Amino acid sequence: MGAAHARVRRQPARQYSAGLKFNKNKNNKTGMEMTGVAQAATEDKKADKEADHHPYCRPKDAATLILVDRSAATPKVLVGKRHDKVVFMPGKFVFPGGRVDKSDNRVPVAASIPKELEANLLKGSPKITASRARSLTVAAIREACEETGLCLGRRTDGAAPKLDGPKLDGPKLDGPWKPFTDASLLPDPSGLFLIARAITPPGRIKRFDTRFFTADASTITHRIEGVIHPDAELVELVWVELGSQPLADLHPMTRNVLGELEKRLATGPLRHDAPVPFFHFYGGRMHKDVLGA
């Protein structure tokens, strides 16, 4: 996702330093604990009623990354508040993410995606190829860097390849991969786990076939200052404990996915063999299936 098209009202963005900023309001619980697909579907309909009349459009592949800090008893996740004037989910707290770029499959990586992760990405319909599965993981890392300034990568020996945009071989070190090149990093998708897949309902002005990934905060290897500010796509960035107040403002589908992550985290270390839910719509209703079931 690129920069926002219009200016946001002048509110200060929260500053974040080497440790970023944490919301420690552990006891400020809400009634947002997941109560099932039916409630999420009802809230989704209420929240986005204005957007359900647009002509059909095919959903575009997209990736979202939920970064998790498990250093304390209660896990924290990284969320950002979107610009008020963007078309898709304005003013909402979201996880960084966006659509897949054509060049994502040709970006060199530090390590291949795990075979188990690839297998999960190939499940479900519409079907995708192994190269598209790789593109989704790379897109998640790219979007997280663009929107939050946090880079998931691994240092390379010697000169880093030039990651400068669609051609990936030009003389100018610019484009979305410049921070990786500057830090002698290659994107590393080996630490990603697939949590859920969700397709935007028909009738919305924009539709995405989104794969929700998670990764531990320890996979962050580089940080860019100045990415979060009042005129950026994300105007605020904060780590929050699961169950705390900022998460109550998440889009209903995002809260549903976060509930899946919370259940996964409660079972111990993340694994690729856990069931992956697939949220999709037909017959005017949201359905929750399991990929590959």
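The values are calculated or read from the model by the stated rules, or taken from the named source; none is laboratory data. Because the structure is a prediction, the values reported are computed rather than measured. Virtual Cβ from ideal backbone geometry, glycine too; neighbours counted across all protein chains shown.
So, in region 119-143, of the ones that are among the small types (Gly, Ala, Ser) and more than 18 Å from Thr64 (Cβ to Cβ), which residue ends up surrounded by the most Cβ atoms within 10 Å (Cβ to Cβ)?
The selected residue is Ala119.
Residues of region 129-181 being polar (S, T, N, Q) and modelled with pLDDT of 95 or more, which ones?
Thr129, Ser131, Ser135, Thr137
Across region 175-192, what is the number of residues that are touching a His at 6+ places or on another chain (Cβ under 9 Å) and outside any helix (DSSP H, G or I)?
Final tally of qualifying residues: 2.
State all residues of region 229-264 that are at pLDDT below 85, surrounded by fewer than 20 Cβ atoms within 10 Å (Cβ to Cβ) and acidic (Asp, Glu); if no residue qualifies, say none.
The answer is Asp231, Asp249.
Within region 119-151, which residues are without any contact (Cβ under 8 Å) to a residue 24 or more places away in the chain and not in a helix (DSSP H, G or I)?
Within region 119-151, Leu122, Ser125, Lys127, Thr129 meet the criteria.
So, in region 102-118, of the ones that are surrounded by 15 or more Cβ atoms within 10 Å (Cβ to Cβ) and without any contact (Cβ under 8 Å) to a residue 60 or more places away in the chain, which residue ends up nearest to Leu291 (Cα to Cα)?
Glu118
What residue, among those in region 119-138 that are among the small types (Gly, Ala, Ser) and more than 17 Å from the chain's Cα centre (by Cα), is nearest to Leu291 (Cα to Cα)?
Gly124
Do the conditions hold for Ala196, that is, is it small (Gly, Ala, Ser) and either free of Cβ contacts under 8 Å to residues at least 60 places away in the same chain or in contact with a helix residue (DSSP H, G or I) (Cβ under 8 Å, 6 or more places away or on another chain) (or both)?
Here the answer is yes, as Ala196 does meet what is asked.
Using beta carbons and a limit of 7 Å, which pairs, at least six apart or on different chains, have the first residue in region 64-81 and under 15 Å from Pro246 (Cβ atoms) and the second one among the basic types (Lys, Arg)?
What qualifies is Asp69/Lys76; Thr74/Lys26.
Output the residue which, of all residues in region 49-103 that are out of contact with any helix residue (DSSP H, G or I) (no Cβ under 8 Å at 6 or more places or on another chain) and among the polar types (S, T, N, Q), is nearest to Pro189 (Cα to Cα).
Top of the filtered list is Ser103.
For Asp84, only one of the following conditions fails: (1) over 17 Å from the mean Cα position of the chain (by Cα); (2) at pLDDT 90 or above. What is its number?
(2)
Considering every residue within region 83-100, establish whether at least one is buried (at least 16 other Cβ atoms within 10 Å of the Cβ) and assigned to a helix (DSSP H, G or I).
No; the residues of region 83-100 include none that is buried (at least 16 other Cβ atoms within 10 Å of the Cβ) and assigned to a helix (DSSP H, G or I).
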